[in-house]
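One structure below.
The values are calculated or read from the model by the stated rules, or taken from the named source; none is laboratory data. Not measured: the values here are computed from a predicted model. We place every Cβ from the backbone using ideal geometry, glycine too, and count neighbours over all the protein chains shown. The protein model used for the area step is the full one, side chains on, heavy atoms only, and it has no ligands, DNA or RNA in it. Shrake-Rupley method; radii C 1.70, N 1.55, O 1.52, S 1.80 Å.
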Amino acid sequence: MAKANTSSEDAQKCARGKVYREIYKSGEAYLPTILVLDAVEACRSKDFSTKSKRQGIEQDLKTLKEFAKNEVQALCVNHSMLSVEDAGIDYLTCVKVEHNELPWAKSDGK
């Protein structure tokens, strides 16, 4: 049971890494504008269909995405030697391990 929970937690962490990278890509990588507009239109009255109101929502969505991109930027730094997209890596690779932190690295005699 504990092993099943661990694998579920690992999957969630990988999913979060993938989501953060999608947010960092911004643009239409997540929450496509047309789907958001359709959802808003379904919840609003008939006067939503005016072009100026749609453009206002598009601009608000763009602003939110740009803010989110800046918030996740530090998490999306890739310190691995691989292209995470090409290698299919979903987990975050923002941790930087210095040579002196490796367990097999020799100490400076201290």
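Looking at (1) among the hydrophobic types (A, V, I, L, M, F, W, C); (2) more than 20 Å from TYR30 (Cα to Cα); (3) open to solvent by 100 Å² or more (accessible area, probe 1.4 Å), which one does CYS94 not meet, given that it meets all the others?
The number of the failed condition is (3).
Test VAL84 against the criterion of being more than 18 Å from the chain's Cα centre (by Cα) and surrounded by 11 or more Cβ atoms within 10 Å (Cβ to Cβ), and give yes or no.
No: the conditions fail for VAL84.
Of everything in region 27-66, what is hydroxyl-bearing (Ser, Thr, Tyr) and modelled with pLDDT of 85 or more? Give them in sequence order.
Of everything in region 27-66, those that are hydroxyl-bearing (Ser, Thr, Tyr) and modelled with pLDDT of 85 or more turn out to be TYR30, THR33, THR63.
Starting from region 33-44, keep only residues that are on the phi < 0 side of the Ramachandran plot, then list their pairs with residues that are part of a helix (DSSP H, G or I) and open to solvent by 70 Å² or more (accessible area, probe 1.4 Å) whose Cβ atoms are within a distance under 6 Å, requiring at least 6 positions of separation or different chains.
Close Cβ pairs (under 6 Å, with a partner that is part of a helix (DSSP H, G or I) and open to solvent by 70 Å² or more (accessible area, probe 1.4 Å)) amount to THR33/GLU58.
Any residue in region 71-87 that is outside any helix (DSSP H, G or I) sitting within a Cβ distance under 6 Å of a residue that is surrounded by fewer than 12 Cβ atoms within 10 Å (Cβ to Cβ)? List the pairs, counting only those 6 or more apart or interchain.
HIS79/LYS96
Restricting to region 14-41, name every residue that is open to solvent by less than 60 Å² (accessible area, probe 1.4 Å), among the hydrophobic types (A, V, I, L, M, F, W, C) and in a helix (DSSP H, G or I). Step through it out loud before you land on a result.
Keep residues of region 14-41 that are open to solvent by less than 60 Å² (accessible area, probe 1.4 Å), which gives 14-15, 17, 21-23, 26-27, 29-30, 32-33, 36-37, 39-40.
Checking the rest, the ones that are also among the hydrophobic types (A, V, I, L, M, F, W, C) come to 14-15, 23, 29, 36-37, 39-40.
Once the filter is applied, which keeps residues that are open to solvent by less than 60 Å² (accessible area, probe 1.4 Å), among the hydrophobic types (A, V, I, L, M, F, W, C) and in a helix (DSSP H, G or I), region 14-41 yields CYS14, ALA15, ILE23, VAL36, LEU37, ALA39, VAL40.
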